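Inspection log for the structure reproduced underneath, given as structure tokens.
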Amino acid sequence: MSRKYRVGILGATGTVGQRFVQLLENHPQFEITALAASDRSTGKPYVEACAWKLAGKMPDFVKNITVQPIEPPLDCDLVFSSLPSSVARETEEAFARAGYPVISNSSSYRMDEDVPLLIAEINHEHVGLIEKQKQKRGFGKGFIVTNPNCAVVSFAPPLAALHRKFGVEEVIVTTLQAISGAGYPGVPSLDITDNVVPYIAGEEPKVETEAQKILGKFTDGGIEKADFTVSAQCFRVHVIDGHTASVRVNLNQTATMEEVIEAINTFPSLDLYSSPKRFMEYCDEPSRPQPRLDRDSGNGMTITVGRLFPDNVFDYRFVSLSHNTVRGAAGSAVLNAELLISKGII
Ligand code: NAP
């Protein structure tokens, strides 16, 4: 293995930032050399600035790294960003302009036409947008790539499997989203305990638009979005990690149950360090997927699908699930960075 890339994390003290720290401990290609967060944290060692909330202890190697402001320069080769969208747009542009590849979880740039919105297994060819982005924005060496909204990641993969084989025409999705999706401290316990909240600010428009870009074709230097409509309702539920999506779908071509399950099960994974053995796994058990039982499948990187049936109104219905802070955030961002290295872009 050649040298390790030095990485910085913007928003390092938050829910996704902590996941980055956990996933990058012992990573063969990356070492964390810079951590950055808000004024509340800057100047403190990470161990003091961060209220560690993941299972297991905070890794020793980060404890004494001093948290810095979210401004370039940082002592690293690329940055992972898990900043709130309120500050991400300006900050990520500043890092890209200063020459850093920015691999972002935030929503700020996801739908910009020159910014890849990546699920590496589905649309890795969209990295072709990067050259155009650099030219258009005058970025030099730096650039921005994004990964999708965490709820979109729970159902876009099975849709991709269906879209490739049979064509997707229209989709209704109801998402049941975990508390950790709102960051820390997130939703007050008195709002979510014993409850289901039928509103997540700003979520439904993202869930209704991102999948069409992800499943779009890279042609003539741009993305031709997939031509289907999505209708979404998003709920916050009393689950710590793991977003569930209940999906109904109409297809352009008829397909048997067996063909649909095969399309899901055989969608290839990649051969990168963070790739799971199975990108998606169909589970026959009638009561699966469940967040507690299935979110850690493939180290949190496998999407679990189940309960596929012909529907009385649509062609099919199914349920799918992904780990929102791993596959839906930090894990996908790390996979995207591995992809960019494998393609010689970083
Ligand atoms: P979080 O737990 O609230 O963490 C936010 C992080 O950003 C903290 O490190 C915080 O630093 C820092 N920050 C907040 N305001 C800042 C400011 N004005 N200047 C500099 N730093 C600031 O949020 P999160 O859940 O990790 O989410 C981070 C981003 O990832 C969001 O854009 C979110 O939409 C996206 N995302 C989250 C998930 C998920 O499942 N949670 C999934 C996909 C995408 P301090 O600790 O110093 O305040």
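The values are calculated or read from the model by the stated rules, or taken from the named source; none is laboratory data. Computed from a predicted structure; not experimentally measured. Cβ coordinates were reconstructed from backbone atoms using ideal geometry, including for glycine residues, and neighbour counts include every protein chain displayed. Heads up: the accessible areas ignore ligands, DNA and RNA and are worked out on the full protein's heavy atoms, side chains in. Shrake-Rupley method; radii C 1.70, N 1.55, O 1.52, S 1.80 Å.
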### Task
Taking H placed 1.01 Å from N in the peptide plane, check which residues at least 5 places from L35 or on another chain put their amide H under 5 Å from its amide H.
I9, Q68
### Task
Step through the residues of the range 177-189 one at a time and calculate ³J(HN,Hα) from phi using the Karplus curve (6.51 cos²θ - 1.76 cosθ + 1.60, θ = phi - 60°), rounding each to whole Hz and writing x for Gly and Pro.
9, 6, 5, 5, x, 8, x, 10, x, x, 6, x, 4
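Can you classify the range 261-313 as rounded, prolate or oblate using the Cα gyration tensor, where a ≥ b ≥ c are the square roots of its eigenvalues, rounded means a/c under 1.5, and otherwise it's prolate if a/b beats b/c and oblate if not?
Oblate shape, in that a/c is at least 1.5 and b/c is the bigger or equal ratio.
Can you give the helix-only mean residue ellipticity at 222 nm for the chain, where every DSSP H stretch with n ≥ 4 adds -39500 (n - 2.57) and the sum goes over all residues, rounded to the nearest 500 deg cm²/dmol?
Numbers: 12 runs with 102 residues, N = 346.
Taken over the chain, the calculation gives -8000 deg cm²/dmol.
Heavy atoms only, probe 1.4 Å: what % of the accessible area of the chain goes to carbon and sulfur, would you let me know?
Numbers: 7250 of 14830 Å².
Here carbon and sulfur together make up 49 percent of the probe-accessible area.
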### Task
Taking only protein heavy atoms into account and a 1.4 Å probe, give the accessible area per residue of the range 1-79 in Å².
48 Å²
### Task
Starting from one equal scatterer on each C-alpha and no solvent at all, send me the Debye-based log10 I(q)/I(0) for the chain at q = 0.13, 0.15 Å⁻¹, two decimals.
-0.97, -1.29
#### Entry: Within the range 59-82: backbone nitrogen closer than 13 Å to the T42 label point (7 Å, Cα to C-beta)
67-74
### Cα-based shape type of the range 153-267, given that a ≥ b ≥ c are square roots of the gyration tensor eigenvalues and the cut on a/c is 1.5
prolate
### Summary
Between Q135 and K57, the two model label points (7 Å from Cα along the beta-carbon direction) sit apart by a distance in nm of 5.3 nm
#### Entry: Cα centre as origin, Lys/Arg/Asp/Glu Cβ charges: the range 152-323 dipole, Debye
220 debye
### Query
Pairs of lysine in the range 152-323 with Cα under 20 Å and at least 8 positions apart or on different chains: total?
7
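Could you tell me which trypsin sites (Lys or Arg not before Pro) in the range 65-171 are loop residues by DSSP with no more than 12 other beta carbons within 10 angstrom of their beta carbon?
Details: sites: R89, R97, R110, K132, K134, K136, R137, K141, R164, K165; in loops: R110, K141.
Passing sites in the range 65-171 are K141.
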### Message
Can you tell me what share of the DSSP beta bridges in the chain is antiparallel? A percent to the nearest 5 is fine.
### Response
45 percent
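If you keep only loop residues by DSSP, which GluC sites (Glu not before Pro) in the range 179-220 have at most 11 other Cβ atoms within 10 Å of their Cβ? Before the final figure, lay out the partial values.
Details: sites: E203, E208, E210; in loops: none.
Filter output for the range 179-220: empty list.
List the trypsin sites (Lys or Arg not before Pro) within the range 276-321 that DSSP assigns to loop and that have no more than 12 neighbouring Cβ atoms inside 10 Å. Write out the running numbers ahead of the final one.
On the way: sites: K277, R278, R292, R295, R307, R317; in loops: K277, R278, R295.
Counting only loop positions with at most 12 other Cβ atoms within 10 Å, the trypsin sites (Lys or Arg not before Pro) in the range 276-321 are K277.
Give the accessible surface of the range 244-346 per residue, rounded to a whole number of Å², with probe radius 1.4 Å and ligands, DNA and RNA excluded. Working shown, then result.
Details: 4490 Å² over 103 residues.
Value returned for the range 244-346: 44 Å² of accessible area per residue.
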